[in-house]
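The values are calculated or read from the model by the stated rules, or taken from the named source; none is laboratory data. Since we're looking at a predicted model, the values are computed, not measured. Neighbour counts run over all protein chains shown; Cβ positions are idealised from the backbone, glycine included. For accessibility, only protein heavy atoms count, side chains too; no ligands or nucleic acids. Shrake-Rupley method; radii C 1.70, N 1.55, O 1.52, S 1.80 Å.
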Amino acid sequence: MRKTRPVQVKHIQIGGGAPVAIQSMTKTDTSDVGATVAQIEEMVSAGCEIVRLAVPDNDAAIALKAIRKRVPDVPIVADIHFHYKLALMALEAGIDKLRLNPGNIGAHERVREVVRAAQAQKVPIRIGVNGGSLEKDLLKKYGTATPEAMVESAMRHIQILEDLDFTDIIISLKASDVHRTVEAYRLLAQKVDYPFHLGVTEAGTSFSGTVKSSIGLGILLYEGIGDTIRVSLAAEPQEEVRVAWEIVKSLGLRTRGVTVVACPTCGRLDVDNFVGIVTEIERRLAHIEEPLHLSIMGCAVNGPGEAHDSQLGITFGRGVGMIFKDGVPMRKVAGENIVEAFVTETEKLLAEIKSKPQIDSDLSSHGLTQILPTSDKSVPNPR
Ligand code: SF4
């Protein structure tokens with residue numbers, strides 16, 4: 001497992017063994033404060049832990065102050081290209097992290113001014129190398145944006161910051177295809193211990209982008225590489241956040257919300273409108289943040305088995321759904337009423353879980369006990 005140094009972004013730790021943090025980027029015009037704040041709030045409700053905003057011009061940089069005031073508890077990243085003054089304005093507005101390539105903001109004095117301001121405010125800098133915008137001399141040297149070229153570009157930016165005694169650094173190496181992205185991160189992982197922000201850039205529409213990101217990020221996370229992730233999709237940012245959560249949940253790195261195991265259906269299916277039932281149940285339970293494991297199975301072949309591994313489960317037979325709790329049959333409900341009944345049972349289970357104090361087993365094994373809030377469900381990255 002890759003050991004990385006911890007970097008603090010407001011209350012979220014990145015690297016140093018912390019859980020993989022989920023981030024995304026607003027798609028509104030940043031200077032439209034109302035629309036941007038509304039989108040940030042939607043992203044946070046979907047589970048976004050760090051929100052990045054594009055700061056392309058003066059108006060956007062000016063808006064940061066008002067945005068900061070309206071979402072004071074959300075870790076905000078200002079994404080800046082080329083303009084050091086915008087970086088200074090963003091820092092003054094109280095943002096929590098800068099995404100900026102120090103080699104791209106001009107004269108050394110300018111870089112020093114930004115770095116000193118970031119240092120004074122303990123604001124980290126993410127160096128974001130993108131395969132599509134590599135330095136010309138590197139493209140000439142390597143012929144194209146190879147993983148080696150991306151790594152060399154990252155090392156140049158890192159050197160600039162280290163020469164100024166700045167080490168509060170996070171790095172990303174994004175390419176639009178899986179192979180280059182994975183190779184570039186693997187190569188850089190051998191050279192530095194700064195935490196990595198993972199992403200496959202310009203991944204595509206919701207469907208193709210989800211597949212591409214899941215493969216690219218999944219390979220790296222499985223290898224223990226990656227400390228924070230952003231899934232890039234040509235879709236709403238909430239969708240990016242949902243996909244990111246599914247990736248970390250699938251790998252057992254984090255837990256959050258309801259996980260529904262549903263069978264793919266086949267000729268043995270014993271109820272009408274199975275897909276509609278599953279979709280509606282998922283939609284009705286999407287607001288739940290506590291981790292819950294549920295199963296919905298179309299017939300008795302695999303239903304009871306899955307129900308055994310779930311907190312609540314449904315198995316259909318002759319159009320009727322049997323609801324199981326912890327693997328034990330509980331009640332029978334006609335197919336047309338199953339959504340309502342299952343949602344009610346899930347809400348009841350949630351209330352039961354919330355009413356029980358959570359004991360931290362690590363502390364209790366040391367003879368200490370501590371009551372933890374039920375909302376703190378992040379599991380540490382096992383790396
Ligand atoms: S649970 Fe039953 S209906 Fe669903 S895929 Fe398996 S055999 Fe088919």
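In this rough spin-label picture, where each label sits 7 Å from Cα along the Cβ direction, the ASP137-GLU113 distance is 2.5 nm.
Summarising the strand pairing of the chain, around 35 percent of its internal DSSP beta bridges are antiparallel. For segment 30-40, 3J(HN,Hα) computed residue by residue from phi via the Karplus equation (6.51, -1.76, 1.60; θ = phi - 60°) reads 4, 6, 8, 4, x, 5, 5, 5, 4, 5, 4 Hz, glycine and proline entered as x. For ALA262, the residues whose modelled amide H falls within less than 5 Å of its own, excluding neighbours fewer than 5 places apart on the same chain, are ILE296.
Straightening the chain between VAL261 and GLN159 buys 32.0 nm, computed as 0.36 nm per residue apart minus the Cα-Cα spacing. Ranking SER232, SER355 from most to least accessible surface, computed with a 1.4 Å probe over the protein chains only, gives SER355, SER232. Measure off, as a whole percent, the carbon and sulfur share of the 1.4 Å-probe accessible area of segment 210-347, all protein chains present. C and S fraction of accessible area: 53 percent.
Across the options GLY327, HIS293, VAL275, the greatest Cα extent toward the positive end of the charge dipole of segment 258-358 (unit charges at beta carbon of Lys, Arg, Asp, Glu) belongs to GLY327.
Computed about its Cα centre, the charge dipole of the chain is approximately 560 debye, with only Lys, Arg, Asp and Glu carrying charge at their Cβ.
Report, in deg cm²/dmol and to the nearest 500, the calculated mean residue ellipticity at 222 nm for the chain, where each DSSP H run with n ≥ 4 adds -39500 (n - 2.57) and the sum is divided by the residue count. Per the formula, -12500 deg cm²/dmol.
Please figure out what share of the DSSP beta bridges in segment 258-358 is antiparallel and state it in percent, rounded to the nearest 5. Taking every DSSP beta bridge within segment 258-358, about 55 percent pair in antiparallel fashion.
Ranking ALA154, ILE170, PRO102 by how far each Cα lies toward the positive end of the dipole of segment 16-173 (charges on Cβ) leaves PRO102 at the top. Per residue, segment 7-250 exposes an accessible area of 40 Å² to a 1.4 Å probe, with every protein chain left in place.
What ranking, highest mean first, results for peptides 20-31, 241-252 when packing means the other Cβ atoms within 10 Å averaged over each residue?
On the way: 20-31: 21.8, 241-252: 20.0.
In decreasing order of mean packing, 20-31, 241-252 become 20-31, 241-252.
For segment 5-152, what % of the accessible area comes from carbon and sulfur atoms, probe 1.4 Å? Let's see the in-between values first.
Values: 3280 of 6240 Å².
It is 53 percent, rounded to a whole number.
Normalised per residue, the accessible area of segment 258-358 is 53 Å², obtained with a 1.4 Å probe and no contribution from ligands, DNA or RNA.
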